[in-house]
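All remarks here apply to the structure that follows.
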Amino acid sequence: MRPRLLTLFTTALILSLLISATPSAFADTQTHVVQPGETLFRIALNYGVTVQAIQAANGLTNYIIYVGQTLIIPDPNAPASAVQPAAQPSTGVHIVQPGETLYRIGLKYGISWLAIQAANGLGGTYIYTGQRLVIPGSNVPVATDPTPVPTQAPPPNTPSPQPTEPQPTEPPPTQPPAPTEQPPAENGEVIHVVQSGETLFTIGLKYNLQWTTIQVANNINGTIVYPGQRLVITRSSAGLPNPPAPPLENSTPPAGTGRRFLVDISEQRLYAFEDDTLVRTTLVSTGLWPYPTVIGTFSVYLRYTSANMSGPGYFLPSVPYVMYFYKGYGLHGTYWHNNFGHPMSHGCVNMPTSEAEWAYNWSTYGTTVIVQN
């Protein structure tokens, strides 16, 4: 009897040792409490993970987070299968259902939402109910519903987080389109009726105006317009003027020595100093009022000749000459707008690409970046 008890005791001891030696699957998982001003993009950058990984770990279907929210931060070294299902994509045509997002649809087919975005030529992440999306893969058509759900146009002035590339317009109207242009008013203004497929950018080209002029004239907070929307077109203006460059000899250098950048938000201008000598200056675009650029003295800690940038409502591939100086804030080139001299960004400092290239080659890791009002 005693040998049998001894055998059972030994077996139990070995099993307990094996269990205690097994690493926890969540040993490298941590949490993050959202602070004021943070976005998923900046949080992901801080922890060295992707935005999609945080979304998947927390069951998020969009980019919306709130102050005080506790987010699970997945292990950055975990295999991709731990973040997103590795099912083989089943492709063809998918008809968007109410409540679906590009990210959810990507999960359904086991592919990245970026692949769906690229396959359908989408400039952002906006999709609408009843929209037919090509799912890259085989030629077998897959549709969730043979009959698209009727769409509804959104209310005017729908906010968008950041004017970046011209965004796709809202769903096709259920009523016949109105004429594109109404007779001019006594003050010289005309009313443009938005047609399916038009954006602020293309409408601005039609009237030889900067799209930001139309945006301001109609109190539009973002870049989204929808078919049937009536826009005031002011012919008397050719867009927002750029402030003139100040004389170089009148520019006061910031405190310090060596090479350093000074970003003046009130002037929307960047200065490059070497000791007390101003060597270059250019117009820039800092953060819009909901997403202000940080104020203070920082230094360049990360540099890329090209990098993808994403955030709430936008994805910008291959952004040139990126110089991060604080968390997700950086100096970088800009190919999606030419409205320098006016706030346009989500907090970064947008520069003309040629100027960003010069700044990238002139600076290095540790170069001081001073941002002031």
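Only the coordinates and a few stated rules stand behind these numbers; no lab work does. These numbers were taken from a predicted model, which means no experiment stands behind them. Cβ placement follows ideal geometry from the backbone for every residue including glycine, while neighbour counts extend to all protein chains displayed.
Here are a few things to note about the model shown:
- For segment 277-357, the Stokes-Einstein estimate of translational diffusion at 10 °C and a viscosity of 1.306 mPa s comes to 123 µm²/s, using the Kirkwood hydrodynamic radius over alpha-carbon pairs.
- Nearest-0.05 FRET efficiency for Tyr365 and Thr129, computed from C-beta distance (R0 51 Å): 0.60
- Contour excess over end-to-end distance, with Cα ends at Thr70 and Ile295 and 0.36 nm allotted per residue: 78.4 nm
- Near Met351, once Lys and Arg are set to +1 and Asp and Glu to -1 for all other residues with Cβ below 12 Å from its Cβ, the sum equals 0.
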